[in-house]
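The values are calculated or read from the model by the stated rules, or taken from the named source; none is laboratory data. Keep in mind it's a predicted model, so treat the numbers as computed, not measured. We place every Cβ from the backbone using ideal geometry, glycine too, and count neighbours over all the protein chains shown. Quick note on the areas: whole protein, heavy atoms, side chains included, nothing else; ligands and nucleic acids left out. Shrake-Rupley method; radii C 1.70, N 1.55, O 1.52, S 1.80 Å.
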Amino acid sequence: MRGRGTLVLLVLFAVVAGYAYLVERKRLPAEEREAKAKVILALDPARISAVAFDYADSGVALERRGAGWELARLRPGAEAVRYAADESAVREVTAFFDELRAERVMVEADVDTAATGLADPWVRVRVAMGDTEHTLAVGAQNPTRSAYYARLDGGRAIALLATWTVDSNLKRTVASLRDRRLARFDPEAARRVE
């Protein structure tokens, strides 16, 4: 009798374990789908050819030039001032668009559009990759100040982007993107320093 009870418990355990496996197997792709749904833009940083930050009173543009990047300060009514761009700062900016994730994506009808600040965003970021260009408009912060309202390519969806990621990646100045090296040379080619 004892062996039969153990056998029944073993079969019952196998049935429960099999059921749990089947349920969890179906749940995992649903979680992956939800995570992918929050990705609002995915660009290959190596293929990005230009990034422009258009603020209300000025702008900053990055453009790929051969193997490096060039930075331009843009002001209304003034000629653009050009500088060499800091490669590590450019990598940070382009990596932001590698897999731009939203905290939440909402339909425009579900949001008080006046409160989003998207009618007059504080920054419009244009990202070019070959012949394709995307524009990310960033408006006001949400009431809890944990995220900014954003709209991609003038679409009807409104995304909430985390405050920390917007502040660290989209509040860019010429000083934060400019190459600060005094001299550029190949250290291996140097024979002596006087």
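So for the chain, averaging the separation of alpha carbon pairs under 8 Å that are six or more residues apart and normalising by length, what relative contact order in percent results?
Details: 293 pairs, mean separation 38.2, N = 194.
It rounds to 20 percent for the chain.
For the peptides 150-161, 111-122, what is the packing order when you average, over each peptide's residues, the other Cβ atoms within 10 Å and list the highest mean first? Intermediate results must be reported in sequence, preceding the final value.
Working: 150-161: 17.4, 111-122: 14.4.
In decreasing order of mean packing, 150-161, 111-122 become 150-161, 111-122.
Taking K and R as +1 and D and E as -1, what net charge do the other residues with C-beta under 14 Å from the C-beta of R181 add up to?
Surrounding charge for R181 is -1.
Using the Karplus equation 6.51 cos²θ - 1.76 cosθ + 1.60 (θ = phi - 60°), what ³J(HN,Hα) coupling, rounded to whole Hz, does each residue of region 169-183 give in order, writing x for Gly and Pro?
These are the phi-based 3J(HN,Hα) values: 10, 10, 8, 10, 10, 4, 4, 6, 10, 6, 5, 9, 5, 6, 9 Hz.
Give me the percent of the accessible area of the chain that comes from carbon and sulfur atoms, probe 1.4 Å, all protein chains in place.
Answer for the chain: carbon and sulfur cover 54 percent of the accessible area.
What accessible area per residue comes out for the chain, rounded to a whole number of Å², with a 1.4 Å probe?
Working: 13050 Å² over 194 residues.
It amounts to 67 Å² per residue over the chain.
From the residues A50, S88, A61, which one has its Cα farthest along the dipole of the chain in the positive direction, the dipole being from +1 and -1 charges on Cβ of Lys/Arg and Asp/Glu about the Cα centre?
S88
Relative contact order of region 30-137, please, whole-number percent, based on alpha carbon pairs below 8 angstrom and at least 6 residues apart.
Numbers: 155 pairs, mean separation 35.9, N = 108.
Once divided by the residue count of region 30-137, the mean separation gives 33 percent.
Can you give the charge dipole size of region 61-194 about its Cα centre, rounded to the nearest 20 debye, using +1 on the beta carbon of Lys and Arg and -1 on the beta carbon of Asp and Glu?
Rounded to the nearest 20 debye, it is 480 debye.
From largest accessible area down, sort K171, K38; use a 1.4 Å probe on the protein chains.
Listed by decreasing accessible area, they come as K171, K38.
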